[in-house]
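The values are calculated or read from the model by the stated rules, or taken from the named source; none is laboratory data. A quick note: this is a predicted structure, and the numbers were derived from the prediction, not measured. Cβ sites come from the backbone with ideal geometry, for glycine too, and all protein chains shown count toward neighbours. Surface areas here come from the heavy atoms of the whole protein model, side chains and all, with no ligands, DNA or RNA. Shrake-Rupley method; radii C 1.70, N 1.55, O 1.52, S 1.80 Å.
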Amino acid sequence: MTDKILPLASIIAFGGAVSLAFGYAAHRREVAMKGWPTVQGMVVSSKIVQTLDARLRTPAYSRLAPSKPSYNISDVWAVDVEYKYTVNGTEYGGYRATSSRVVQKIDKKDGSQPGAELCALQSRFHAGSAAQVHYDPANPGESYLDYRESPENGSLFKTGFGLLLAGALIFIAGKLAFR
């Protein structure tokens, strides 16, 4: 039986290590983004819009013929902003209000309105106002206005540690049970 348990524990632990690696890479990107230099920019337009959030959903691996991926589509509120800024004499345009995605799901049953967080964010960047623009020094065309830590990174770390722990516990239980 240990010949089946040990490979299972290894696969689970490997999944945990991969999740941790992705979480670490995303964390390093966020740390780099947080430290991007800033320049003074000008907000051209800013409003809260009703839009769609489409997330790719792919089926899990199986021996059956692969099915087509589908999208989970939701109606959401989002801040739509446009701004201009200049780096080393070159003018750029940007469209990212925040460093990570900030949207609010629309509940069609109660005719929801944008929440306080989105309204507060949008009010900070009204048309014609000056704004600090954070830009990537390696690619000045990539920019954002407000740094927000991504909540998804914590999930990757929690999943990774959980899978590593589960793999270790299965390995230990397999060794103890079949001595």
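Filter segment 83-117 down to the residues that are of a type in the set (D, E, K, R) and closer than 19 Å to residue 147 by Cβ, then identify the one that is modelled with the lowest pLDDT.
First, the residues of segment 83-117 that are of a type in the set (D, E, K, R): 84, 91, 96, 101, 105, 107-110, 117.
Adding the requirement that they be closer than 19 Å to residue 147 by Cβ leaves 96, 101, 117.
On the way: 96: 92, 101: 81, 117: 86.
Among residues in segment 83-117 that are of a type in the set (D, E, K, R) and closer than 19 Å to residue 147 by Cβ, the one modelled with the lowest pLDDT is 101.
In segment 11-55, what residues are assigned to a helix (DSSP H, G or I) and hydroxyl-bearing (Ser, Thr, Tyr)? Matches in segment 11-55: 19, 24. Counting the residues of segment 23-57 that are in contact with a helix residue (DSSP H, G or I) (Cβ under 6 Å, 6 or more places away or on another chain), open to solvent by 60 Å² or more (accessible area, probe 1.4 Å) and modelled with pLDDT of 85 or more gives 0. Segment 89-173 holds strands (runs of 3 or more DSSP E) entirely within its bounds, and those carrying 1 or more residues that are within 17 Å of residue 43 (Cα to Cα), open to solvent by 50 Å² or more (accessible area, probe 1.4 Å) and not polar (S, T, N, Q) map to 90-94, 130-136.
Looking only at residues of segment 77-88 that are without any contact (Cβ under 8 Å) to a residue 60 or more places away in the chain, buried (at least 18 other Cβ atoms within 10 Å of the Cβ) and of a type in the set (A, V, I, L, M), we find that the one that is nearest to residue 121 (Cα to Cα) is 79.
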